[in-house]
1. What does the buried accessible surface come to for B and A, summed over both chains, with the probe at 1.4 Å? Round to 100 Å².
2. Quick check: at a probe of 1.4 Å, how many percent of the accessible area of segment B:36-95 sits on carbon and sulfur atoms?
3. Given a Förster distance of 30 Å, report the FRET efficiency between D:E264 and D:K3 from their Cβ-Cβ distance, rounded to the nearest 0.05.
4. What distance in nm lies between label points placed 7 Å from Cα along the C-beta direction at A:R48 and B:A93?
5. Under 15 Å from the Cβ of B:G223, count the other residues' Cβ atoms, weight Lys and Arg +1, Asp and Glu -1, and hand me the total.
6. Cα axis of helix D:321-330 to longest principal axis of chain D: angle in degrees, 0 to 90, nearest 10?
7. Which residues' amide hydrogens lie under 5 Å from the amide hydrogen of B:T58, considering only partners 5 or more residues apart or on another chain, with H built in the peptide plane?
8. Measuring label to label, 7 Å along Cα→Cβ, what does B:K190 give against each other copy in nm, shortest first?
There are 4 protein chains.
Amino acid sequence: VNKYSKLHRVGVVGFRGYSGAELLRLLGHHPGVETYLLEHRSETEMRRGPLGVRPLKTVPATAAAAIEEGLAVVFLATPAEVSMELAPLYLKAGVKVVDLSGAYRLKDVDTFARWYSEDHTSPHLLEEAVYGLPEFNRDAIRQARLVANPGCYPTAANLAIRPLIEADVIDRSRGIVCDAKSGVTGAGRKPTLKTSFSEVAGNFSAYSILKHRHVPEVLQTSGLGEREFTFVAQLLPINRGILETIHIRVQRIKQAVELLAIYEERYENEPFVRLYAPGAVPDLFSVNRTNFCDIGFVFDVESQRVVIVAAIDNLVKGAAGQAVQNMNLLLDLPETEGLL
Amino acid sequence: VNKYSKLHRVGVVGFRGYSGAELLRLLGHHPGVETYLLEHRSETEMRRGPLGVRPLKTVPATAAAAIEEGLAVVFLATPAEVSMELAPLYLKAGVKVVDLSGAYRLKDVDTFARWYSEDHTSPHLLEEAVYGLPEFNRDAIRQARLVANPGCYPTAANLAIRPLIEADVIDRSRGIVCDAKSGVTGAGRKPTLKTSFSEVAGNFSAYSILKHRHVPEVLQTSGLGEREFTFVAQLLPINRGILETIHIRVQRIKQAVELLAIYEERYENEPFVRLYAPGAVPDLFSVNRTNFCDIGFVFDVESQRVVIVAAIDNLVKGAAGQAVQNMNLLLDLPETEGLL
Amino acid sequence: VNKYSKLHRVGVVGFRGYSGAELLRLLGHHPGVETYLLEHRSETEMRRGPLGVRPLKTVPATAAAAIEEGLAVVFLATPAEVSMELAPLYLKAGVKVVDLSGAYRLKDVDTFARWYSEDHTSPHLLEEAVYGLPEFNRDAIRQARLVANPGCYPTAANLAIRPLIEADVIDRSRGIVCDAKSGVTGAGRKPTLKTSFSEVAGNFSAYSILKHRHVPEVLQTSGLGEREFTFVAQLLPINRGILETIHIRVQRIKQAVELLAIYEERYENEPFVRLYAPGAVPDLFSVNRTNFCDIGFVFDVESQRVVIVAAIDNLVKGAAGQAVQNMNLLLDLPETEGLL
Amino acid sequence: VNKYSKLHRVGVVGFRGYSGAELLRLLGHHPGVETYLLEHRSETEMRRGPLGVRPLKTVPATAAAAIEEGLAVVFLATPAEVSMELAPLYLKAGVKVVDLSGAYRLKDVDTFARWYSEDHTSPHLLEEAVYGLPEFNRDAIRQARLVANPGCYPTAANLAIRPLIEADVIDRSRGIVCDAKSGVTGAGRKPTLKTSFSEVAGNFSAYSILKHRHVPEVLQTSGLGEREFTFVAQLLPINRGILETIHIRVQRIKQAVELLAIYEERYENEPFVRLYAPGAVPDLFSVNRTNFCDIGFVFDVESQRVVIVAAIDNLVKGAAGQAVQNMNLLLDLPETEGLL
């Protein structure tokens, strides 16, 4: 009783990582695709599972294998170094690519070098790559060959502040502070001291203060200047979820509903952005294991202060879910397929 | 081999709560005092312990019992309602009081009524009460009868920002944002849905946005105006610790070491404030189960932005430890006794 | 494109609890049903959600409302007291009932009184009620009016040990030890000191040792005597999952594969029981948010000792998932519908 | 006002690990010693701390440096390989050694090779080494040069079951099941996938079933045979603590108090073993950050079943605390010094 007569074949490189595993989970529920594991490196071990579970087909992460199997889209759930190496090969083979790393998000090669502390090895693709935030880039994504899936932090930040920037109600001279908190899966599956249980459980810590590589991504997409946007990343002792507390000052707003109206107009037809009544805000459970970005705020009319709270699941709307959303656009499938 | 020939007798009301239990733990290591349990209400059950542990002496939480036992200091680890009722009784009986609730922190009775949503039942004590932040109020505490032990959030906030306010380097027109995060023991031991395990574990949530009752306490002690100070409280899925990420703009600062010098000069002789090299910040493990407030910051000279990170253990420097520090001052004992 | 032309209407009493909320989640993905909220008591508050989410239809938890709406099945995710009161009313109205409480699991009214410390208020239904463990009772469930959904601990214990009991390979004179561990949602949503965050996080504790009310349920269904089956329940500082470590001695087993063969034969066609290769065992992540019961074991031939590890998600196979599995049988739907 | 006129100098190898760091914490509170850091390898990074904290004196982990500094005792908080290399060097230099690894716990070189999967490189010390469980070996420890500090699991297991073995009340033909659970610090500080936050938080898993290297240690010290003692280790999603649930059958016991009397007689003068009333058992909070081993049990007279629950802090009584207790014996200091 599958509603699709023909399945699109798609592949995942980096399927052992957390974003990759989440992609497999989501694609496993998607009625329109058949998923391949693309074996690149075995840097981390697989979990040992039960008997009798039929494994997915595994082929090498090469252009030749992709052509032979007729893959329509390949997801790169890999470090930027690997994505810079593989994306050109797949594109040359006529396979569309959704890259979950930071390799193709920044347009400027020098900005990339500054924030990623390495040279870009396939800079010719930077111009072509389309930033995969469907709420702001839907048409371009549909036409793309290479989609740069947004970073987790910038996804929430952009969805929370761009409507207000576009409506020109923010007093930008006061600056925008984004105090962000993320679960540990955002740091990937490779074991490190910083993500080991006994260092994280019962603890809370700030990192990459003013220096996080997601900053230029927000600046590029929002049009904000570096001095206008303060970003602090912090590590929550939980597995999943990003919550951003964003502090702004607005101008000429008389009531909270005016702000709500700006959001409502912008996101009226967006399936994955949900708004809250003024004064109510989401927590991480609101979005756990969903592709939603939930946005709420508190407004103080006297001081024109607004505290916005935006929440996503970093592995879903912040990574694999948004990647599937982009894939749906690339393959001309319903945008929400497999995601509700 | 006890260095004190005579022990001061002190009592704890509310010893079944988390702050009260922490007081018992700290006082149990203090060589200069003998501790009494003052039984007021049995709202929560005790943990069942091992055989053969000699219990502390328990007497009723009355002025008569305090006089009879010769108590020098009573700690009120109780809700504000109970503290407003008990503090006058103990003071009348000649017993000094360290109150851990918010009952006597605010000088203005209307401000109290606004933020605590109730009328003050012993307003005559508000003027006399001394705000127990030793780093800024040491001499007055020594002379006090009634010490209002500071709130957990204001302790970290004041210690982090007051040196910069006093040095007049903050651009106050830009506002000060204090994005605060606390462990669950800060909410007390009474079972509620908001603090039940399955609602908190794996979650993260903001609460009392712009409306937290600790706001007026910071305003009163720092001299900041309500529009200048933005405060958000957030609940971390951990037991202990407060970390505050404070976002400010400064003026005319050329190097990070200038800011460090301001802090160093102010806290030179303070035993419980520790500073970090510019660029380094504490996490919650830095201060776990200690009476320290650790302060670090990151400075961006171009934009004059400073991100300050201050950390305390909410049950120690944020409650019971600071209360013992205040008791040491009241009893003319070394200020660090029992706290290192 | 829904494959079912007609939807069955089903209702949930107790939808604010954790099992009830999990039922709503599962039924929301089930293509064959339309779900009603049956309002009985509002003992716990709802989470405040985003705007624009269409609420489910809510009617009173009465027989009249069930008849008027044409409900086919009602789930009682309620305490035993409430289930004893509501089940007779719904049955009289011709509505089938899946009860998630312990009210109708035990056949003997005195055994119920002993372990539940209360008298049964609808004992006439005990004989009719069918124990809803599909792997051992499928045909009876299909014909039932009232299904007693099994307890979470007994579900894992029965699935793990009954094949070996039936194959008569256990040395019962040595006893069976079931050392069980459960996440906190198993204790329900009502706030208590025992399930409050600060009492559970970082802790681990045993409770109801030898006295847990799930013991008679295992005895009744497995045929074991009270002296043969030792059960200890323990509280894990996690939200979801039950892992049972079961210690037995077998007789006349020469190789681990003999034991595996017993399990494989028994569960050959079972969609929700998964087995592991000898020496491998599941952990809680193996079954998280699934309706699977995963079973693995380690065998020592010299001593004939077997350590069995069985894992389920207490809210799915241990409660709501199994309830949906039973509903599927009652409504003659595919047994796995909505559960894979 | 220090009560000791002369301080003993002691050193710690492996001070960056969790046991080593706990040793530093405990020795820092010990009035009778001065602590040196013995630098062997820098396999893990130090935490970056506040300014102005005076560091401990650091010297190389060599015999020459130990002689030059006049160290009386060296703690080896190192892997067995390193301990096998360093212990002989320190002993030859006349320095007493407390080894926290498993290198010198087993008397038989073949047993060591079987369970540790490597050959012993200093087997000549196995006979001389004294097993450092003071409650059962106090006099020998006082005379020792080399103390093998017990494993964490065997410490709790021995303290819980040896009194009953010695009193000959256990029905050993039924076997003893020790179902043990440990916090993550027990696995050391080296980052691995198995101890990374996202693999452990929200999970629970059994490991080394029937094959844990602590098994032979229990057998050697308790006199039990391998078939009589079933041991399962399990990983709790917490930092600290071991709780062992021990299932036995006894013989000829008429009342619970008879069992309690056996424990009380055995541990009458033991400062670090605490007993509970029959029916009450400790949890991990009972012993958190203490050197206590807490023991409680539930007894069923009909079936003669006993469920014993023993709890320790794996880093204190299970490692560093017991090591300090042993050091106190070696240095003829009060056994509880620095530990209460």
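The values are calculated or read from the model by the stated rules, or taken from the named source; none is laboratory data. As the structure is a prediction and not an experimental result, all values here were calculated from the model. A quick note on method: Cβ atoms are made from the backbone with ideal geometry, for glycine too, and the neighbour counts reach across all protein chains shown. Surface accessibility is based on the protein's heavy atoms, side chains included, excluding ligands, DNA and RNA. Shrake-Rupley method; radii C 1.70, N 1.55, O 1.52, S 1.80 Å.
1. Summing both sides, the interface buries roughly 3500 Å².
2. Working: 1810 of 3260 Å².
About 56 percent, which is the carbon plus sulfur part of the accessible surface.
3. Working: r = 32 Å, r/R0 = 1.06.
For D:E264 and D:K3, the calculated efficiency is 0.40.
4. 6.5 nm
5. Numbers: positive: B:K107, B:R162, B:R172, B:R227; negative: B:D108, B:E166, B:D168, B:E217, B:E226, B:E228.
Every neighbour counted, the sum reads -2.
6. For D:321-330 against chain D, the angle is about 70 degrees.
7. B:L37
8. Shortest to longest, the spacings are 1.9, 5.0, 5.1 nm.
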